[in-house]
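Heads up: the structure comes next, in structure tokens.
The values are calculated or read from the model by the stated rules, or taken from the named source; none is laboratory data. Here the structure is a predicted model, which means the values were calculated and not measured. Cβ placement follows ideal geometry from the backbone for every residue including glycine, while neighbour counts extend to all protein chains displayed. The accessibility values were calculated without ligands, DNA or RNA, using every heavy atom of the protein model including side chains. Shrake-Rupley method; radii C 1.70, N 1.55, O 1.52, S 1.80 Å.
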Amino acid sequence: MIDSQHRGFTVWFTGLSGAGKSTIAERLVDILHRRGLSAVELLDGDEVRQNLSKGLGFSKEDRDTNIVRVGYVARLLTRNGAVAITAAISPYREIREQVRKQIPRFLEVFVSAPLEVLIQRDVKGLYKKALAGEIHNFTGISDPYESPDSPEVIVETGTESIEVSVQKVLRALELLRWIPIVETSLPELEEEGVISQLHKVGKLSSEQPLGIKEYRPPGVQPKESLQSHVSTIEPHGGLLVQRFLPEGYRNEIIDRIEKYPTLTLNRRQWSDIKLISNGGYSPLTGFLTEKEYTSIIHTGRLTNGLAWTIPILLLTDREEAEHLTVGQEVLLRDRDGKNLALLHLEEIFQPDKQDLARRVWRTTDLKHPGVKNLFDEGGVALAGSIDIVRLENGSGLAHSQLTPTKTREYFRQQGWKTVVAFQTRNPIHRAHEYIQKVALELVDGLLVHPLVGETKSDDIPADVRMECYKALLEKYYPANRVLLSAMPAAMRYAGPKEAIHHAIIRQNYGCTHFIVGRDHAGVGSYYGTYDAQQIFDEYTKEELAITPLKFEHTFHCTACGGMASERTCPHDTKPRLVLSGTKVRELLQLGLPIPEEFSRPEVIQILRTAYAHAKPLQEIDQ
């Protein structure tokens, strides 16, 4: 079983008034909710005093009684699988230890701050009054505060930011396997401190696998931390999600595999799982609940206000769903059984597919490939977070699929502070090359990020496209300014909605800018030429941080003597070289020449070879 999904725990913040207990606790609750833990309760000291301990004073006996009550509630929550976060001064060591003994999974966090800092923060002037003798029994001044002997976590709010303090607590919970692993931005020194303290109090052993970060006993020279490998742009929602189970849990699940109800998923669904698990879909930790789904299709946003336009649903048949119960763990597998994931089933609901198609694809026409895929799948949605048990790329493109962590690391190593992403499902022709190089004049680096998940059956295969990209980049692009990496998403052909979706993914991969051309992610005549650009105007920087770079239709103009667009070319259409996809396909099939002004000869040759050995592939869009 997975600790983080089946057993509750208590995080007990202790420290003087004004040290930051409530602030850190509130932030922790928010992040845990965003990471997919729904049953999280905050027991704040002031609120408990008003509602649970009303009438108690501030004698030692009354303080102890108050803490016993807080501990009792925390124990009940924990026993029933919830997470209890307490933020109370709890000044006496003995009563804290008594509470600890009653709660098996208990994390004590000592929130430390110097007295002079507490006085500076004290807008009510209580510390000064206590020092002047105007307030009696004031903890830390006229009443003792007994700091913990062996807290699992120590945060120093006088010298570190609230964010660092919160991340230290989160990292400790990750190391203890009480919550799923998520990449944090914890600095290396603080990371070492968290590990050292857990080791000191006997909560961590050197044999324990730690997932993202390697375990190092105190005093061992650390390797370079992935946490310093961050882009200048935060992941969407502030956290880069990681949903990979530690090896010990993976083996335990595989040993018990026959005991789990099982669903076999298609390639598109596995593309979603890959992007949930590697952080490409951050802040999502799994498949959407009905509440989030409804918010997305009606507002284009998650319930927390962040931009999100494509509902990530796990659809199955009614017959399959009837055998499942909310609260179960469901094993998800691909058709070959090579890939395995665990769904923590939180909700089962039935979306209105007609309404969904109209709101996302703007049509219910089954000739639309995205709509057809939607109606080909089951009608029941399974919601819940997921964890990867086993993931094999099973493709010759596996080495080309860098995760968001890896692309961010690469950008940092290259010193790129601004990075533009280019999304494509087609070969790159001269028009694409032109806009990419214009964009490169504005930023430090370019991520060529072709989509290699499932596309239309007549699309050019991913391996052929990758060969085209490599040939082009090798000869015509500066090697130190460009990174090529495949992206595992499946195409949905949702036009404007998918343009936002693709931008969010690229932000999670560390890109600050995103190229949006004409009819991005469109198909047929379902969307206007520049609808995919205009939709970005509906979102603020707080809702979507990545910056779109909008380009109009580009072409080669013989009168201009080079590449141009509607914005830069003064001529009529006669001198413009515009080849339709149908015309290019016809020329390739017949072996006739294609102008170099349309595409580089290396790309044309690769496509000719592909056409010579296969049936016609697709209309190649300029």
task = State the number of residues belonging to region 358-391 that are over 29 Å from residue 32 (Cα atoms) and either open to solvent by 70 Å² or more (accessible area, probe 1.4 Å) or small (Gly, Ala, Ser) (or both).
result = 10
Any chance residue 284 is assigned to a loop (DSSP other than H, G, I, E, B) and buried (at least 20 other Cβ atoms within 10 Å of the Cβ) = yes
request  = Among the residues of region 534-565, write down those that are open to solvent by less than 20 Å² (accessible area, probe 1.4 Å) and of a type outside the set (Gly, Ala, Ser).
outcome  = 535, 536, 544, 546, 554, 555, 557
ask   = Say we look at region 342-393 and pick out the residues that are in a loop (DSSP other than H, G, I, E, B) and among the acidic types (Asp, Glu); which of these is modelled with the lowest pLDDT?
value = 392
request  = Considering each residue of region 501-556, count those that are at pLDDT 95 or above and on the phi > 0 side of the Ramachandran plot, and give that number.
outcome  = 1
message = What are the pairs with Cβ atoms under 9 angstrom where one residue, in region 245-264, is under 16 Å from residue 334 (Cα atoms) and open to solvent by 70 Å² or more (accessible area, probe 1.4 Å) and the other, located anywhere, is of a type outside the set (Asp, Glu) and modelled with pLDDT of 80 or more? Sequence gap at least six, or different chains.
response = 264/332; 264/333; 264/335; 264/337
task = Could you grab the pairs with beta carbons closer than 9 Å, sequence gap of 6+ or different chains, first residue in region 346-357 and under 15 Å from residue 38 (Cβ atoms), second one among the charged types (D, E, K, R) and surrounded by fewer than 16 Cβ atoms within 10 Å (Cβ to Cβ)?
result = 347/290; 347/291
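Can you tell which of 222, 235 is in a loop (DSSP other than H, G, I, E, B), open to solvent by less than 50 Å² (accessible area, probe 1.4 Å) and at pLDDT 85 or above?
None of the other options fit; the residue is 235.
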ask   = Can you find even one residue in region 325-340 that is closer than 19 Å to residue 358 by Cα and charged (D, E, K, R)?
value = no
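Results for (1) of a type in the set (A, V, I, L, M, F, W, C); (2) at pLDDT below 90, shown as yes or no for each residue.
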{"position": "5", "(1), (2)": "no, yes"}
{"position": "8", "(1), (2)": "no, no"}
{"position": "15", "(1), (2)": "no, no"}
{"position": "21", "(1), (2)": "no, no"}
{"position": "40", "(1), (2)": "yes, no"}
{"position": "45", "(1), (2)": "no, yes"}
{"position": "52", "(1), (2)": "yes, yes"}
{"position": "56", "(1), (2)": "yes, yes"}
{"position": "69", "(1), (2)": "no, no"}
task = Identify all residues within region 463-487 that are open to solvent by 10 Å² or more (accessible area, probe 1.4 Å) and assigned to a loop (DSSP other than H, G, I, E, B); write none if there are none.
result = 477, 478
ask   = Counting only residues that are over 30 Å from the mean Cα position of the chain (by Cα) and part of a loop (DSSP other than H, G, I, E, B), which one in region 25-84 is surrounded by the most Cβ atoms within 10 Å (Cβ to Cβ)?
value = 53
query = Can you pull out the residues in region 98-123 that are within 26 Å of residue 61 (Cα to Cα) and exposed (fewer than 15 other Cβ atoms within 10 Å of the Cβ)?
reply = 98, 101, 104, 115
inquiry  = Take the conditions aliphatic (A, V, I, L, M), more than 27 Å from residue 487 (Cα to Cα) and modelled with pLDDT of 95 or more and apply them to residue 321. Does it pass?
reply    = yes
ask   = Checking residue 295 against (1) closer than 22 Å to residue 379 by Cβ; (2) of a type in the set (Gly, Ala, Ser); (3) modelled with pLDDT under 95, which single condition isn't satisfied?
value = (3)
request  = Go through region 140-167 residue by residue and tally those that are free of Cβ contacts under 8 Å to residues at least 40 places away in the same chain and of a type in the set (A, V, I, L, M, F, W, C).
outcome  = 2
query = What residue, among those in region 577-613 that are closer than 26 Å to residue 521 by Cβ and open to solvent by 50 Å² or more (accessible area, probe 1.4 Å), is modelled with the highest pLDDT?
reply = 578
note = Taking first residues from region 48-73 that are in contact (Cβ under 8 Å) with a residue 40 or more places away in the chain and second residues anywhere that are buried (at least 16 other Cβ atoms within 10 Å of the Cβ) and small (Gly, Ala, Ser), the pairs with Cβ under 9 Å that are 6 or more apart or on different chains are 48/88
note = Within region 585-607, of all residues that are part of a helix (DSSP H, G or I) and touching a residue at least 40 places away in the same chain (Cβ under 8 Å), the one farthest from residue 462 (Cα to Cα) is 602
query = Looking at region 394-410, is at least one residue out of contact with any Pro (no Cβ under 9 Å at 6 or more places or on another chain), part of a strand (DSSP E or B) and either under 21 Å from residue 298 (Cα atoms) or at pLDDT 90 or above (or both)?
reply = no
task = Answer yes or no as to whether residue 426 is under 30 Å from residue 343 (Cα atoms), of a type in the set (S, T, N, Q) and over 21 Å from the mean Cα position of the chain (by Cα).
result = no
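Results for (1) over 20 Å from residue 250 (Cβ atoms); (2) in a loop (DSSP other than H, G, I, E, B); (3) out of contact with any helix residue (DSSP H, G or I) (no Cβ under 7 Å at 6 or more places or on another chain); (4) among the hydroxyl-bearing types (Ser, Thr, Tyr), shown as yes or no for each residue.
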{"residue": "303", "(1), (2), (3), (4)": "yes, yes, no, yes"}
{"residue": "324", "(1), (2), (3), (4)": "yes, yes, yes, no"}
{"residue": "327", "(1), (2), (3), (4)": "yes, yes, yes, no"}
{"residue": "331", "(1), (2), (3), (4)": "no, no, no, no"}
{"residue": "337", "(1), (2), (3), (4)": "no, yes, yes, no"}
query = Are any of the residues in region 159-166 modelled with pLDDT of 90 or more, open to solvent by less than 20 Å² (accessible area, probe 1.4 Å), more than 26 Å from residue 60 (Cα to Cα) and touching a strand residue (DSSP E or B) at 6+ places or on another chain (Cβ under 9 Å)?
reply = yes
ask   = Would a scan of region 164-175 turn up a residue that is assigned to a loop (DSSP other than H, G, I, E, B) and under 22 Å from residue 14 (Cβ atoms)?
value = no
task = Please tell me if residue 494 is within 25 Å of residue 369 (Cβ to Cβ), in a helix (DSSP H, G or I) and either open to solvent by 60 Å² or more (accessible area, probe 1.4 Å) or aliphatic (A, V, I, L, M) (or both).
result = no
Any chance residue 154 is open to solvent by 20 Å² or more (accessible area, probe 1.4 Å), modelled with pLDDT of 90 or more and among the β-branched types (Val, Ile, Thr) = yes
Residue ID - modelled with the lowest pLDDT, chosen from residues in region 185-199 that are open to solvent by 10 Å² or more (accessible area, probe 1.4 Å) and not in a helix (DSSP H, G or I) = 185
